[in-house]
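The values are calculated or read from the model by the stated rules, or taken from the named source; none is laboratory data. Values in this document were obtained by computation on a predicted structure and should not be read as measured data. Every residue, glycine among them, receives a Cβ derived from its backbone with ideal geometry; neighbour counts consider all protein chains shown. Remember, those area values only see protein heavy atoms, side chains included, never the ligands or the DNA or RNA. Shrake-Rupley method; radii C 1.70, N 1.55, O 1.52, S 1.80 Å.
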Amino acid sequence: MNDLTPPLPGLSPVLGKSVVARFDGGRLSSDAGVLVLREIEQRLGVADRLARCLNDPRAQNQVIHSLADIIRFRLLMIASGYEDGNDASTLRSDPAFKLAQGVLPSGLDLASQPTISRLENLPNVRSLLRMGRALVDLYCASFRQTPKRIVLDLDDTFDAVHGGQQLRLFNAHYDEYGFQPIVVFDGDGRFITAVLRPAKRPKGVEIRSFLRRLLRALRANWPATQILIRADSHYCCPEVIDFCRANNLDFILGVAPTTTLRRHIEDLEKSTQARFEAGPKTTKLRRFKEFYDGAESWSRVERIIARVEAGEEGTDTRFIVTNLTGGRPKTLYEDVYCRRGVAENHIKSWKSHLAADRTSCCKATANQFRLFLHGGAYWLMWALRMAAPKRSTWRVAQFDTLRLRLIKIAARVVEMKTQIRLHLPTAYPCQPILRTILGCLPLLVT
């Protein structure tokens, strides 16, 4: 008879005894921490929110796995580091994933890879618009009280593709074909939405249309909340500025340097460099100036803040534009605008740690749905991090660190008549924080 579980080759003996390793342990799992993500997902309701946006064309009397169950399985897979739908072929029988789906270890297997693939190709444009609205509603529901003010960080990121996907476009800067989705996070790192688009710089009309839909969804939940739009110079265009002013939105945007703007700070650059040369030259010298000016295409002049920095390599000048009336130029630049850089870390977590750039479907609608799925997985990991104590290092840990320490836990699952026992490693080093997080989950989301 053929051995279905041949031993692993190449293992050296220990003290004269041979080491034989086989994949025949039975109901074991390497992802017992997925049960913590299950508790988070139940409180957020991400899968149910997304499933309600879809029309299920299947005969309901023959359905085994509901759309919410399939989406939930996919979210848990992505958060656990299995971004490929093909992994479902083996994970569908994993006892920890079954428990996370509310299925007994001895019960039916979870959704298969073909079922997941059919789900990803199911949404149409209307369904995706509803999903985008559902994610905004999820964002608003994550606050215990309506905030007086929120900050929205807009940015785009390049997503390389290697096939004939719809909307793909060649980007000369990256020298590759790909997408360039717009992603929105708030100032605290909450995921709000993402839009798939070709790999080119967004125009003002496109950004304005995107902001209009986003603002409509936010205002449906929070009519009076003040909103600050924060972005780099890609988003500084007359359509965006006029839209913000017309809709009572605050904005602080980067501005590309022009000869007109540089005319205001020529003397400041010279004096700053002279001060640096006359000083100890241990650190760079930074000075600020504000003035009112605008591009010819702008409908009015705006408040411009210039940051001039002098060092051994010369001067470096940056400009920002804002309609905020108060605050010192240094405070607005360093404490408000420069915090926009944190959004790049959020994109890194979403894109690198959760593989949001796995947009390999042929249809643009399927790839847009994948962005939402990875956004839902981001919510699970973000909530896991926020459940940790405020002053602990876990609050600033990267998602891949959280996954390695808190999700990748070996367990032996024993199903008994009245209970299910999980036997976790006695030497597991993160027992205290895992107990703390589970104890804080009931207070995580209202």
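Of these, Thr426, Thr401, Thr365, which one is open to solvent by 60 Å² or more (accessible area, probe 1.4 Å) and of a type in the set (Ser, Thr, Tyr)? So that I can check it myself, show each step before the final result.
Numbers: Thr401 fails: open to solvent by 60 Å² or more (accessible area, probe 1.4 Å); Thr365 fails: open to solvent by 60 Å² or more (accessible area, probe 1.4 Å).
Result: Thr426 is the single residue among Thr426, Thr401, Thr365 that is open to solvent by 60 Å² or more (accessible area, probe 1.4 Å) and of a type in the set (Ser, Thr, Tyr).
Testing His65 on (1) touching a residue at least 24 places away in the same chain (Cβ under 8 Å); (2) assigned to a helix (DSSP H, G or I), one condition comes back false. Which one is that?
(2)
For the range 219-247, enumerate the residues that are assigned to a loop (DSSP other than H, G, I, E, B), open to solvent by less than 40 Å² (accessible area, probe 1.4 Å) and not charged (D, E, K, R). Quick ask: steps written out before the conclusion?
The first filter runs over the range 219-247 and keeps only residues assigned to a loop (DSSP other than H, G, I, E, B), leaving 222-225, 232, 236-237, 247.
With the extra rule that they be open to solvent by less than 40 Å² (accessible area, probe 1.4 Å), the set shrinks to 222, 225, 232, 236-237.
Answer for the range 219-247, where residues must be assigned to a loop (DSSP other than H, G, I, E, B), open to solvent by less than 40 Å² (accessible area, probe 1.4 Å) and not charged (D, E, K, R): Trp222, Thr225, Cys236, Cys237.
Would you please name the residue that is farthest from the chain's Cα centre (by Cα), looking only at residues in the range 1-36 that are exposed (fewer than 10 other Cβ atoms within 10 Å of the Cβ) and charged (D, E, K, R)?
Lys17
Quick check: anything in the range 400-417 under 30 Å from Pro198 (Cα atoms) and under 22 Å from the mean Cα position of the chain (by Cα)?
In the first step, residues of the range 400-417 are kept if they are under 30 Å from Pro198 (Cα atoms); the result is 400.
This time we only want the ones that are under 22 Å from the mean Cα position of the chain (by Cα), so: 400.
Scanning the range 400-417 turns up at least one residue that is under 30 Å from Pro198 (Cα atoms) and under 22 Å from the mean Cα position of the chain (by Cα).
Identify all residues within the range 373-398 that are open to solvent by 10 Å² or more (accessible area, probe 1.4 Å) and in contact with a strand residue (DSSP E or B) (Cβ under 9 Å, 6 or more places away or on another chain); write none if there are none.
The answer is Trp382, and nothing else.
Could you grab me the full set of residues in the range 240-257 that are free of Cβ contacts under 8 Å to residues at least 24 places away in the same chain and either over 16 Å from Trp298 (Cβ atoms) or among the aromatic types (Phe, Trp, Tyr) (or both)?
Asn248
Report yes if Thr365 is in contact with a Pro (Cβ under 6 Å, 6 or more places away or on another chain) and polar (S, T, N, Q), otherwise no.
Details: in contact with a Pro (Cβ under 6 Å, 6 or more places away or on another chain): yes; polar (S, T, N, Q): yes.
When the stated conditions are applied, Thr365 passes them.
Of these, Leu404, Leu434, which one is out of contact with any Ser or Thr (no Cβ under 6 Å at 6 or more places or on another chain) and either more than 20 Å from Gln42 (Cβ to Cβ) or among the acidic types (Asp, Glu) (or both)?
Details: Leu434 fails: either more than 20 Å from Gln42 (Cβ to Cβ) or among the acidic types (Asp, Glu) (or both).
Only one candidate passes the filter, namely Leu404.
From the list Val151, Val125, Val161, Val136, which residue is within 23 Å of Met77 (Cβ to Cβ) and either in contact with a Gly (Cβ under 7 Å, 6 or more places away or on another chain) or of a type in the set (Val, Ile, Thr) (or both)?
Details: Val151 fails: within 23 Å of Met77 (Cβ to Cβ); Val125 fails: within 23 Å of Met77 (Cβ to Cβ); Val136 fails: within 23 Å of Met77 (Cβ to Cβ).
The match here is Val161.
For the range 1-40, how many residues meet the condition of being modelled with pLDDT under 85, of a type in the set (A, V, I, L, M, F, W, C) and closer than 20 Å to Val414 by Cα?
Count: 1.
Enumerate the strands (runs of 3 or more DSSP E) found wholly within the range 90-196, keeping only those where 1 or more residues are at pLDDT 95 or above and within 16 Å of the chain's Cα centre (by Cα). Working first, answer last.
Working: elements: 149-156, 169-171, 176-179, 182-186, 191-195.
Filter on the range 90-196 gives 149-156, 182-186, 191-195.
Can you list the helices (runs of 4 or more DSSP H) lying wholly within the range 317-433 that have 1 or more residues being acidic (Asp, Glu)?
Details: elements: 342-348, 364-386, 399-402.
Passing ranges, in order: 342-348, 399-402.
Given the conditions (1) open to solvent by 30 Å² or more (accessible area, probe 1.4 Å); (2) in contact with a strand residue (DSSP E or B) (Cβ under 9 Å, 6 or more places away or on another chain); (3) under 30 Å from Leu28 (Cβ atoms), report the number of the one that Lys330 does not fulfil.
Checking Lys330 against (1) open to solvent by 30 Å² or more (accessible area, probe 1.4 Å); (2) in contact with a strand residue (DSSP E or B) (Cβ under 9 Å, 6 or more places away or on another chain); (3) under 30 Å from Leu28 (Cβ atoms), the one that fails is (3).
Exactly one of (1) in contact (Cβ under 8 Å) with a residue 12 or more places away in the chain; (2) on the phi > 0 side of the Ramachandran plot is unmet by Leu15. Its number?
(1)
Got a number for residues in the range 37-52 being surrounded by fewer than 20 Cβ atoms within 10 Å (Cβ to Cβ), of a type outside the set (Lys, Arg) and touching a residue at least 40 places away in the same chain (Cβ under 8 Å)?
2
Considering the range 258-290 alone, what residues qualify as being touching a residue at least 24 places away in the same chain (Cβ under 8 Å), closer than 25 Å to Gly341 by Cβ and either hydroxyl-bearing (Ser, Thr, Tyr) or exposed (fewer than 14 other Cβ atoms within 10 Å of the Cβ) (or both)?
If the condition is that a residue be touching a residue at least 24 places away in the same chain (Cβ under 8 Å), closer than 25 Å to Gly341 by Cβ and either hydroxyl-bearing (Ser, Thr, Tyr) or exposed (fewer than 14 other Cβ atoms within 10 Å of the Cβ) (or both), then Thr258, Arg262, Thr272 are the ones that fit.
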